Amino acid sequence: MADGPVREYSWAQVCARRLERHWLAAPSQTATPAGIVRAMCGAHAQVMQAAELSVGMRGAGISRSDVRKALWDDGTLVRTFGPRGTVHLLPAADLSQWTGALGAVPSHPALGQFLTPGQTDQIVAAIADALRDSELTADELNDAIVARTGAWAAEPVMPAFQTMWPRWRAAMGTAGIRGALSFGAGRGRASTYRGPGQLLPGFRPADAAPALGWLLRAYLQAYGPATPAHFARWLAVPREWASGLFDAHRGELAQVTVAGTLAWVLRSDAGDIAAEPSGIRLLPYFDSYVVAGQPRNLLFPGVASTRALARGQAGNYPVIVIDGVVRGLWHQRRSGKKLEITAELFQPAGASQLEELARQAERVGTFLQAEARLTLGTVDVRGHA
């Protein structure tokens, strides 16, 4: 698909651009939580404290209360199902595009274990109807779905956390990416769900074709240069499908090489990269920089490929990023107002790097409203599932 001279980028140049785009080269002085999440192309939020920290480390002066206010008071962020059917924070202003795009990607084959396509459609329609004007717990939503579909939807067939979930829960991710469901503020310890239209009057998913183009551009803006295989892995879709989407938007893309490998950027990003990657950052579980970042062998070099990945999967460990590359692990343990941070570096560090590492640990403590104490040592905790 190349139609002109192919620009060559070093891996260091790619890291420099991504760090800058993610507000990791230097935290933004002005960006809102929603603006930061937009720059990340979504923040993984299965573990909410990790999502909050992902946002907070990218913004100067952003607190946990700012992130929570954006979610539950201002409504500028939405917690819902995003790429790969996993829970994400997404900007409310972009939710129509996200749901229009994700609702059009090929469904995961595993869904067929529990539901036929027709059953999935019935459950999603039931969820949308039940949550149009209500905020319900899972138990309440179960009763509402059964009332609209039948007892078959509640059959306990899904293994989950040493119990069996009802059949309808296999469609929760689908309901989220189709715009029928998002998370509510919760009720005590119970999670709640509500329809996006309660936050965004008149909400509807955008048309599929333009929304998919929007998503491809947003991904390449944050993670380019990238290949269709990288995009496919991020979305958990077939590579052939991803290649077709790249082909459909050929006019907006430019081919480049990264360390000798062909990849793609937006045409507007095909210029020089003058910056050099620098800095040390402590990134929490499932931070988007490492989950969506590719190629894995360059982002997780050497010992990082075995210590900081879980069977090739990124995000299961909090990582230390040095000059844009994973060079260590870290772990936090809280006791009251004290936050013990253990950092394990995979290579020797100089005095200036150790000083910056200490400053970053202090910054984590400030965000979590705790007094941080940094210790260098081996991180031996298991990865997050």
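Computed over region 157-300, relative contact order equals 14 percent, with contacts defined as Cα pairs under 8 Å that lie 6+ residues apart. The mean sequence separation of alpha-carbon pairs under 8 Å and at least six residues apart, normalised by the residue count of region 50-97, gives a relative contact order of 23 percent. Across region 79-92, coupling constants 3J(HN,Hα) worked out from phi with the 6.51/-1.76/1.60 Karplus curve, θ = phi - 60°, read 9, 7, 8, x, x, 6, x, 9, 6, 9, 8, 10, x, 4 Hz, and Gly and Pro carry x. Comparing Gly244, Gly315, Gly328 in a Gaussian network model of the chain where C-alpha atoms under 10 Å apart are linked, the largest mean-square fluctuation is found at Gly244. Distances between every pair of Cα atoms in region 225-331, grouped in 10 Å steps from 0 to the bin holding the largest one, split as 14, 39, 34, 13, 0 percent. Mean-square fluctuation check for the chain, GNM, Cα pairs under 10 Å: which of Asn297, Asn316, Asn142 is largest? Evaluated over the chain, the most mobile residue of the options is Asn297. Listing Met40, Met48 from fewest to most neighbouring C-beta atoms within 10 Å gives Met48, Met40.
Convex hull volume per residue, computed on the Cα atoms of the chain, equals 147 Å³.
The alpha carbons of region 259-320 occupy a box of 34, 24, 19 Å along the principal axes, longest dimension given first. Using alpha-carbon positions, what is the distance between the centroids of region 329-345 and region 42-102, in Å? Between the Cα centres of region 329-345 and region 42-102 lies a distance of 24 Å. Taking amide H as placed 1.01 Å from N in the peptide plane, the amide H of His88 sits under 5 Å from that of Ala45, Thr80, Phe81, Gly82, each at least 5 places away or on another chain.
Taking all Cα pairs closer than 8 Å and separated by 6 or more residues, the relative contact order of the chain comes to 18 percent. Out of all DSSP beta bridges with both ends in region 280-376, state the antiparallel percent to the nearest 5. Counting only bridges with both partners in region 280-376, antiparallel ones make up about 75 percent.
Backbone geometry of region 16-26 corresponds, through the Karplus equation with coefficients 6.51, -1.76 and 1.60 at θ = phi - 60°, to 3J(HN,Hα) couplings of 4, 5, 5, 4, 5, 5, 8, 6, 9, 5, 7 Hz, x marking Gly and Pro. Computed over the Cα atoms of region 104-204, the ratio of the radius of gyration to the Kirkwood radius (Rg/Rh) comes to 0.95. Among Arg281, Arg132, a tally of other beta-carbon atoms within 10 Å of each Cβ gives an order, fewest to most, of Arg132, Arg281.
Only helical runs count toward this figure. For the chain, summing -39,500 (n - 2.57) over DSSP H runs of n ≥ 4 and dividing by all residues gives -10500 deg cm²/dmol at 222 nm. Using a Gaussian network model of the chain in which every pair of alpha carbons under 10 angstrom is joined by a spring, one finds that among Ala292, Ala70, Ala151 the greatest mean-square fluctuation is at Ala151.
Of the residues Ser243, Ala361, Ala171, the one whose Cα sits farthest towards the positive end of the charge dipole of the chain is Ala361 (charges of +1 on Lys and Arg Cβ, -1 on Asp and Glu Cβ, taken about the Cα centre). For Glu371, nonlocal amide neighbours, meaning residues 5 or more places apart or on other chains whose placed amide H falls under 5 Å from its own, are Lys338, Leu339.
The protection proxy used here, the mean number of other Cβ atoms lying within 10 Å of each residue, ranks peptides 359-368, 30-39 as follows, highest first: 30-39, 359-368. Residues whose amide H lies under 5 Å from that of Val256, counting only those 5 or more places away or on a different chain, are Ala263, Trp264, Val265; hydrogens are built 1.01 Å from N in the peptide plane.
Considering only beta bridges that DSSP places wholly inside the chain, some 80 percent are antiparallel. For region 280-376, the convex hull drawn through the C-alpha positions has a volume of 87 cubic angstrom per residue.
Ranked for footprinting exposure by Cβ neighbours inside 10 Å, fewest first, Leu216, Leu354 give Leu354, Leu216.
A short reminder: the numbers here are calculations on the coordinates, not readings from a lab. All values reported here derive from a predicted model rather than from experimental measurement. Here the Cβ is made from the backbone with ideal geometry for all residues, glycine too, and neighbour counts use every protein chain on show.
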